[in-house]
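The structure appears right after this line, and notes come after that.
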Amino acid sequence: MSNKEKALKLHSRNPGKISVNPSVKIEGKEDLNLVYTPGVAEPCKKIAENKEDSYKYTSRKNLVAIVSDGSAVLGLGDIGPEASMPVMEGKANLLKKFGNVDGFPICTDTESPKEVIETVERIAPTLGAINLEDIKAPECFEIENKLKQKLDIPVFHDDQHGTAVVVSAALKNALKLKESNLEDSKIVVVGAGASGIAVSNFLIEQELKN
């Protein structure tokens, strides 16, 4: 079986790669009384008094929305929100596997920065953080900057920040092996998309001169 066939089989088996599972057991009436009504009213009242308690009494603190408009998916380009779903589900798998964070895809049927920003802003009370993913430049810069201004939760753009962190770490290790440093190095960046610009800015902040 080819890798292509294996991939299609894996994605169609469940279907997809993520699911929502309860973190508490419901084994009888007493459990139901606590998980749902009437017990659920108690944390609701606490949160109504203080919104920050949503991080204490709900799963919000561990929920991340993986937001994409499907306009710049991996090496596939602008393939649309539906076709971007397998990638966003894959990212949710990575978040859970390596960070024990619960991520779920939010694929928007719009490439308008204003509409993407409004969508994320409206769902933010559910979330502990926003992971922007596979949104084309230059729209991705506007979306990230505006959301950082509007929201009081972390906003991370994987194609910018994730790539910049990884490239910086690899470069530092390579320079260490070469017994050189960033300040004395000449760096060439091929491409001026979201990743290229973010990598360049990050390296300049770390004293890259040339």
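The values are calculated or read from the model by the stated rules, or taken from the named source; none is laboratory data. Because the structure is predicted, anything quoted here is derived from the model rather than measured. Don't worry about glycine lacking a Cβ; one is built from the backbone with ideal geometry, like all the others, and counts go over all protein chains shown.
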task: Taking only region 74-129 into account, find how many residues are out of contact with any strand residue (DSSP E or B) (no Cβ under 8 Å at 6 or more places or on another chain) and of a type in the set (Gly, Ala, Ser).
output: 6
message: Among the residues of region 188-210, what is the count of those that are touching a Leu at 6+ places or on another chain (Cβ under 8 Å), surrounded by 11 or more Cβ atoms within 10 Å (Cβ to Cβ) and over 27 Å from residue 77 (Cα atoms)?
response: 2
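Yes or no, residue by residue, for (1) within 24 Å of residue 146 (Cα to Cα); (2) surrounded by 13 or more Cβ atoms within 10 Å (Cβ to Cβ); (3) in the same structural domain as residue 133 (by TED's automatic domain parsing):
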{"residue": "29", "(1), (2), (3)": "no, no, no"}
{"residue": "38", "(1), (2), (3)": "no, no, no"}
{"residue": "42", "(1), (2), (3)": "no, no, no"}
{"residue": "68", "(1), (2), (3)": "yes, yes, yes"}
{"residue": "104", "(1), (2), (3)": "yes, yes, yes"}
{"residue": "114", "(1), (2), (3)": "yes, no, yes"}
query: Which of the residues that make up region 118-136 are of a type outside the set (Asp, Glu), buried (at least 18 other Cβ atoms within 10 Å of the Cβ), touching a helix residue (DSSP H, G or I) at 6+ places or on another chain (Cβ under 9 Å) and more than 14 Å from residue 154 (Cα to Cα)?
result: 135
task: May I ask you to list the residues in region 1-27 that are outside any loop (DSSP other than H, G, I, E, B) and surrounded by 10 or more Cβ atoms within 10 Å (Cβ to Cβ)?
output: 6, 7, 8, 9, 10, 11
statement: For residue 86, the lone unmet condition from (1) in contact (Cβ under 8 Å) with a residue 60 or more places away in the chain; (2) outside the structural domain of residue 145 (by TED's automatic domain parsing); (3) assigned to a helix (DSSP H, G or I); (4) of a type outside the set (Asp, Glu) is (2)
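Check 194, 174 and return the single one that is outside the structural domain of residue 118 (by TED's automatic domain parsing), touching an Asp or Glu at 6+ places or on another chain (Cβ under 6 Å) and on the phi < 0 side of the Ramachandran plot.
Checking each option against the conditions leaves just 194.
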- prompt: Looking only at region 72-85, which residues are surrounded by 15 or more Cβ atoms within 10 Å (Cβ to Cβ) and touching a helix residue (DSSP H, G or I) at 6+ places or on another chain (Cβ under 7 Å)?
  reply: 73
